[in-house]
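The values are calculated or read from the model by the stated rules, or taken from the named source; none is laboratory data. What you are looking at is a predicted structure, and each value in this text was computed from that prediction instead of being measured. Because the Cβ atoms are built from the backbone with ideal geometry, glycine has one as well, and the counts that use them run over all protein chains shown. Surface accessibility is based on the protein's heavy atoms, side chains included, excluding ligands, DNA and RNA. Shrake-Rupley method; radii C 1.70, N 1.55, O 1.52, S 1.80 Å.
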Amino acid sequence: MKNLRLKSARAAKDMSQEDLAKACGVTRQTINAIEKGDYNPTINLCIAICRVLDKTLDELFWED
Amino acid sequence: MGAGMEDTGMKQNNTGRIIAMIVLTIAFIALVFGFACSPKNTRKTEVNANVIVENGEATYPGFRGEFNIARAGKYDIHVNWWPEDDPGFISGFVLYDLDGSILSFCTGQKVQAGFLPIQLEKAEYSFEIKIFDSEDKLNEFLNDCGEDYASDGDVFTGYRDGQWHVTYTITASLATKWMLFILAIGCVMYAVLMALIIFRMCHEGKPEYDERQKLVNGKAYEYGFYTMLVLSVIYVLAWFMGIADEFLSPGVAVMLITLIVAAVVGIYNVLNDGYIAVNAYEERVIATLSAILAVNILATIGGIRTGSLIKDGKLGISSVNAFCGLLMLALIVAIVIRKARTKKEDDDEELEA
């Protein structure tokens, strides 16, 4: 399932996938895969993404 | 270390890798030159003859011997007989092929000669030392060898009675000039490549893959493992049926299976973005692959030149270089395809934005 909230949060911070990837220490393709719903990140990566985007885990990754 | 890269608690020591690579490089170069300088590459035979010519007839019946060629290849044959006193007869040297036909020969009162490189197999080759105490006997021999000596006009006139001690030396050495040249280039390129890789490891650190890439790597190795199983079973079945031996030796088969498995692992990794580490530079990876491709192209050309690419309808050891080059090419093509796909994704993302 696509993670549109992650994409919106990233866009709100005016960050490209590449910028977010570098900030989290992963590849751009990993961020792309998470946004597309092709990959479920580990909790550590989820936390790292939340920290960079100033969001909580619920806001970005909890299923509605 | 980014959060996307998990600390498994099993940090790899880069120093150990570097030492291992240096040791491997030294061992490779030593092996290559050990092969080039191996005593197996040269065979030398000496025949000491006491030749007495009495009333125009030589008492020495000649000599027939063998030398064992331990390694197939092109050999330089050198023959030498140079007695102090000019003998009153002509000596002849004949090298026979495995079917008994004459491979090469030479005659002379005193001789220091080398033949053009001759392809010899791993076998015992016989040679003969002949003594000619008259022009008729020499002519007969030369006619048998297919030479029209009578029309040459260069007739030996020194036939006489006497006693002479002659040492005949026959040396067969693997024609290593081109081989050494190619091996030297190969060693230099290998050493340079290793130096570049070690330099990169020292300055960039060990390659680090994020969590998704590690999963992709694992999947790639899984596919590689199954590929190896299938290919091994196919080869063993073909070997039992006697088909495999017609096309390739076991050594070449093992290398080919390894390269195909490496291709499966590599291409899967590339296409799923698991090949290039987070801290790696893609351009350098492509440059390294291109350099290895170039080395293997040169080695393949060398193999074609020396006839070791395909020998008697079988894939020779140089075919491994050809397949290794194909592997590098396949990886480079896969990287290009992935780059094109990534660019398309970037364009789509811009459009959506």
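Summary table
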read-out	value
Computed FRET value (nearest 0.05) for B:Ala195 with B:Leu215, which takes r as the C-beta separation and R₀ as 35 Å	0.60
Cα-based shape type of region A:4-61, given that a ≥ b ≥ c are square roots of the gyration tensor eigenvalues and the cut on a/c is 1.5	rounded
Exposure rule at most 16 other beta-carbon atoms within 10 Å, DSSP loop trypsin sites (Lys or Arg not before Pro): chain B longest free segment	B:161-353
The protein assembly as shown - percent of accessible surface contributed by carbon and sulfur, probe 1.4 Å	60 percent
1.4 Å probe accessible area per residue over chain B, in Å²	57 Å²
Qualifying trypsin sites (Lys or Arg not before Pro) in chain A, DSSP loop, other Cβ atoms within 10 Å at most 16	A:Lys2, A:Lys13
Förster radius 60 Å - calculated FRET efficiency between A:Ser8 and B:Val254 (Cβ-Cβ, nearest 0.05)	0.65
Percent RCO, i.e. relative contact order, over chain B, from Cα pairs under 8 Å lying at least 6 residues apart	17 percent
Shape call, the protein assembly as shown: gyration tensor on alpha carbons, a/c limit 1.5	prolate
Accessible area buried between chains A and B, both sides summed, probe 1.4 Å, in Å² to nearest 100	1400 Å²
Chain B - mean residue ellipticity at 222 nm from DSSP helices (-39,500 (n - 2.57) per run, n ≥ 4, rounded to 500)	-17500 deg cm²/dmol
Test item: A:42-48 mean partner chain Cβ contacts at 10 Å	4
Simple label model, 7 Å out from Cα along Cβ direction - B:Ala184 to B:Leu98, nm	3.3 nm
Per-residue average of Cβ from other chains inside 10 Å of A:30-39	3
Residues B:Phe63 and B:Ser290, FRET efficiency given R0 of 56 Å [Cβ-Cβ distance, rounded to 0.05]	0.45
Inter-label distance, nm, simple model (7 Å from Cα along the C-beta direction), B:Leu271/B:His203	3.4 nm
